[in-house]
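Q: Below is one structure. I have some questions about it.
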Amino acid sequence: FQAVARTNFKTWYMVHFSKQYRLEQALSRNAGQASRLTDTFRFDWDEVCVFTPYTSDEEASRVLGIPWKLSAESSIGSYDSFNAVAFFKNKRSVDFFHLSRARFEFSEKSSRCYARAEAVVPLIAVSR
């Protein structure tokens, strides 16, 4: 059982960080501009939400339009060093990423969700 659990975790870890890397690369290629996430993520999702620092569970639920416990996925409610990006299908979380604010900034003042059709998300690569 432990060997299977380790293998499953290793597979999940590799897939997740491969997606994280693709997201960061796509945002970096579009430095200074908003990014169309449909070009980067072809898995099945219909909404993407960007949560800004200190977003509470209550605020995340309001933004998403359903009860959702952001704190189960992230500690963003307590930190200002990253933004969180969550992908949803039928209001269920299908993937989740943290983006360092030292590298990427969300140009909106507060958390917001975008339908897949309009998913040009204003996550801007910070120039160095």
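No value in this document is a laboratory result; all are computed from the given coordinates. Fair warning: this is a prediction, and the values are worked out from it, not measured in the lab.
Q: I need the shape label for segment 69-128. Rule: rounded when a/c is under 1.5, else prolate if a/b > b/c, else oblate, with a, b, c from the alpha carbon gyration tensor. The partial results should precede the final answer.
A: Values: a/c = 2.10, a/b = 1.20, b/c = 1.75.
Oblate shape, in that a/c is at least 1.5 and b/c is the bigger or equal ratio.
Q: So which aspartates and glutamates can K89 reach, going by Cα to Cα under 12 Å and dropping same-chain residues fewer than 8 places off?
A: By straight Cα distance, K89 reaches D44, D46, E47.
Q: Check cross-link reach from K19 to the aspartates and glutamates: straight Cα distance under 12 Å, and skip same-chain residues fewer than eight apart.
A: D95
Q: So what J values fall out for segment 52-64 if you push phi through Karplus, 6.51 cos²θ - 1.76 cosθ + 1.60 with θ = phi - 60°, rounded to Hz, Gly and Pro as x?
A: 7, x, 6, 5, 8, 4, 5, 5, 4, 5, 5, 5, 6
Q: On to the next question. What whole-number distance in Å separates the alpha-carbon centres of segment 75-115 and segment 57-74?
A: 11 Å
Q: Across segment 97-107, in residue order, what do the Karplus-derived ³J(HN,Hα) couplings come to in whole Hz, using 6.51 cos²θ - 1.76 cosθ + 1.60 with θ = phi - 60° and x for Gly and Pro?
A: 9, 10, 10, 4, 6, 5, 10, 9, 10, 8, 7
Q: Counting every Cα pair in segment 41-104, what percent are over 13 Å apart? Working shown, then result.
A: Numbers: 1189 of 2016 pairs.
Roughly 59 percent, rounded to a whole number.
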